[in-house]
Amino acid sequence: MPASVSLQGYLVLAAVLFAVGLFGVVTRRNTIGILLGIELMLNAVNINLVAFARFNGDAVGMVFTVFTISITVAEVALGLALVILIFRVRRTAIADHLDLLRG
Amino acid sequence: MSLETIAFGGLAVVLVASALAVVLTKNLFHSVLWLALTLTGTAGIFLTLDAEFLAAVQLLLYAGGVVTIVVFAIVVTERLVGDRITQTSRQIFSGLIIAGAVLVGLLTFILRAPLSRPRPPLGGDLTRAIGDAVLTRFVLSFELLGLFFFAALLGALYFARPDD
């Protein structure tokens with residue numbers, strides 16, 4: 001057992017979280033559930049960014065993480081506003097029911 | 001086995017378990033609560049990487065902000081009690097195939113990449129380094145981020161405005 005966790009350990013953890021989030025995005029029917037899956041995937045990417053920044057001894061990756069976290073929060077706020085708007089118009093939050101553009 | 005390894009192992013178990021709970025639990029509201037646990041655990045992972053500032057940002061913005069917004073959205077679109085909040089999943093088989101394929105691809109890439117370098121010693125205060133980089137090298141991106149936030153919040157307000 002090494003004295004401290006290697007970079008691979010963090011990357012493997014992030015990969016597992018990313019795959020779990022992807023599974024959620026594919027299988028969830030509720031739009032809010034899909035958004036939660038996207039959150040998990042973005043979170044995994046943040047772990048990768050911070051791990052690489054720490055193991056390279058460079059703070060720039062952490063600056064990037066600050067940006068991604070902020071943009072994710074804005075994305076969630078906007079996405080949920082859209083969910084609420086769609087719910088008002090169509091009275092549903094299930095993604096499969098939103099087939100207005102189906103030919 | 002060092003304390004840091006134990007902390008990482010415990011956090012990894014909590015993270016994977018709560019992430020699975022987010023995508024598998026039937027109740028959407030419980031799903032959000034599990035997500036809050038996942039995001040808090042991620043802040044702990046950031047702490048093991050000596051990124052205290054990012055851990056604080058993670059707790060404030062993600063575990064505080066995002067979870068609150070999602071709970072509000074659930075309250076608006078679903079009833080908190082009763083059957084409507086239960087969500088079903090579909091296409092579990094294809095979801096497993098896609099997620100498993102991505103995971104296997106990522107893992108083979110990670111385990112074959114020449115990454116086994118030791119962690120360098122901490123060179124000074126990382127929070128100070130982040131602040132310096134944000135206000136010098138990345139100052140334009142930082143200001144654009146402010147503009148982006150303004151646009152996103154205006155858009156969210158516009159979309160979610162009450163009917164007149």
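Quick look at the values:
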item: Chains B and A together, accessible area buried on both sides, 1.4 angstrom probe, square angstrom; result: 7100 Å²
item: Per residue, in Å², the accessible surface of chain A once ligands and nucleic acids are set aside, probe 1.4 Å; result: 37 Å²
item: Computed E for B:Leu122/A:Asp96 - FRET, C-beta separation, R0 51 angstrom, nearest 0.05; result: 0.55
item: Extent along principal axes [Cα atoms of chain B; Å; largest to smallest]; result: 56, 41, 29
item: Cα-projected label distance for A:Ser6 with B:Val16, points at 7 Å along beta-carbon direction, nm; result: 1.7 nm
item: Prolate/oblate/rounded call for the protein assembly as shown, Cα gyration tensor, a/c under 1.5 rounded; result: oblate
item: Among B:Ala73, B:Leu111, B:Ile98 the positive-end extreme of the charge dipole of the range B:5-150 (Cβ point charges); result: B:Ile98
item: Rounded FRET efficiency, nearest 0.05, which uses the C-beta distance separating A:Val45 from B:Lys26 and R0 of 30 Å; result: 0.65
item: Calculated FRET value between B:Leu147 and A:Val60, using beta carbons and R₀ = 22 Å, to 0.05; result: 0.55
item: Cα-centre dipole for the protein assembly as shown with unit charges at Cβ (Lys and Arg positive, Asp and Glu negative), debye to 20; result: 640 debye
item: Between 0 and 90°, nearest 10: helix A:31-56 axis offset from chain A longest Cα axis; result: 20 degrees
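The values are calculated or read from the model by the stated rules, or taken from the named source; none is laboratory data. What you see is a predicted model, and the numbers here were worked out from it, not measured in a lab. Virtual Cβ from ideal backbone geometry, glycine too; neighbours counted across all protein chains shown. Areas reflect the complete protein model, heavy atoms only, side chains present, ligands, DNA and RNA absent. Shrake-Rupley method; radii C 1.70, N 1.55, O 1.52, S 1.80 Å.
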